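The values are calculated or read from the model by the stated rules, or taken from the named source; none is laboratory data. Please read these numbers as outputs of a predicted model, since none were measured by experiment. A quick note on method: Cβ atoms are made from the backbone with ideal geometry, for glycine too, and the neighbour counts reach across all protein chains shown.
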Amino acid sequence: MKHFIEITDFTTEEIAHILDRADDLRKCWQTNAMPQSLLGQKIALWFFGSGFRNRVAFEIGARAMGADVCFIPGELGVQEPLEDIGHYLNNWFSMLVLRAKSHAALTSVASQVDIPLINARTNYNHPCEILGDLQFIRQRRGSLDELNVVFVGEVTNLCMSWFEAAVRLPISVTQVAPLGYELEVESLARLNAHARGRIKISHDLAGSICPDTDVIYTDTWPTIGEQSEIRAAFLPYQINMSLLDQMNQDGFFLPCPPVTRGQEVSVDAMSSPLCLNYRDKEFLLHVQNAIMEFLVTAV
């Protein structure tokens with residue numbers, strides 16, 4: 001029995017298998033010929049806060065492959081102690097997809113359940129989202145080898161999952177952020193011990209985007225803190241057309257939703273042909289389907 005809590009839970013070979021299978025499932029989806037590989041599975045979806053894209057994609061994907069899907073109401077650990085929850089879920093379900101505010105709470109539940117658990121996002125990381133992005137990038141680029149990603153923003157859950165991907169895959173990730181919003185030195189050293197130095201930190205946005213840049217990826221601005229100070233710090237890191245023009249000729253821009261025009265991205269950059277986030281999110285469905293199928297067979 002295997003969980004998917006972070007990208008490094010899978011080997012490099014397993015990630016390649018999942019992305020290959022996601023490509024196959026995409027073709028099945030387009031021809032209305034989805035395999036019934038989840039037939040008889042009872043999947044619980046337990047989501048907190050936002051996240052309609054992941055939730056909808058998990059539901060329609062699981063149902064299309066034959067599973068019974070149930071939404072669980074309530075907030076994790078509020079009405080029931082964490083140490084009790086997993087034992088109840090074991091009685092009824094064969095898989096749990098959990099989106100939690102607290103990464104510690106999610107890992108606590110994972111330690112209790114005897115069924116596969118999928119991390120649909122926590123405050124620490126967001127592995128399904130980044131695997132979906134990687135499937136899209138690979139489909140468009142042909143390969144992930146020597147992929148050069150510039151992540152613009154503070155150390156968010158998305159940023160951490162990009163770092164996890166750099167540990168397992170032959171890609172380079174540079175986080176570009178204002179001073180004080182970068183990954184701490186100890187964490188950078190720990191990750192780079194496995195990523196072979198492919199994770200970098202920069203405070204120079206214009207200097208980080210160059211003809212070697214394949215993908216620019218943004219996340220929302222911080223919401224906690226004095227907003228006038230946050231705006232002053234992050235506005236110089238807004239992605240605009242002049243920055244997009246510095247990428248290589250086949251490069252593109254993936255602003256992660258929800259997008260706030262006028263903050264992390266300018267209006268013209270968001271409407272640019274180089275901005276491919278709408279097409280990118282199609283692949284979230286297919287990679288999540290592949291993850292569910294893989295975990296069922298790995299039980």
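Some values worked out for this structure:
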quantity: Segments classed as helices (runs of 4 or more DSSP H), wholly inside segment 189-298, with at least 1 members that are closer than 30 Å to GLN41 by Cβ; calculated: 277-280, 282-298
quantity: Residues located in segment 131-140, provided they are buried (at least 16 other Cβ atoms within 10 Å of the Cβ) and of a type in the set (Lys, Arg); calculated: ARG138
quantity: Of residues in segment 252-299 being among the β-branched types (Val, Ile, Thr) and loosely packed, with under 14 Cβ neighbours inside 10 Å, the one farthest from ARG140 (Cα to Cα); calculated: VAL299
quantity: Residue selected from segment 1-55 under the condition assigned to a loop (DSSP other than H, G, I, E, B), hydroxyl-bearing (Ser, Thr, Tyr) and within 18 Å of the chain's Cα centre (by Cα), by the criterion farthest from ALA290 (Cα to Cα); calculated: SER50
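Conditions (1) at pLDDT 95 or above; (2) among the hydrophobic types (A, V, I, L, M, F, W, C), marked per residue:
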position	(1), (2)
ARG190	yes, no
ILE230	yes, yes
SER242	yes, no
ASP245	yes, no
ASN248	no, no
VAL259	yes, yes
GLY262	yes, no
LEU276	yes, yes
ARG279	yes, no
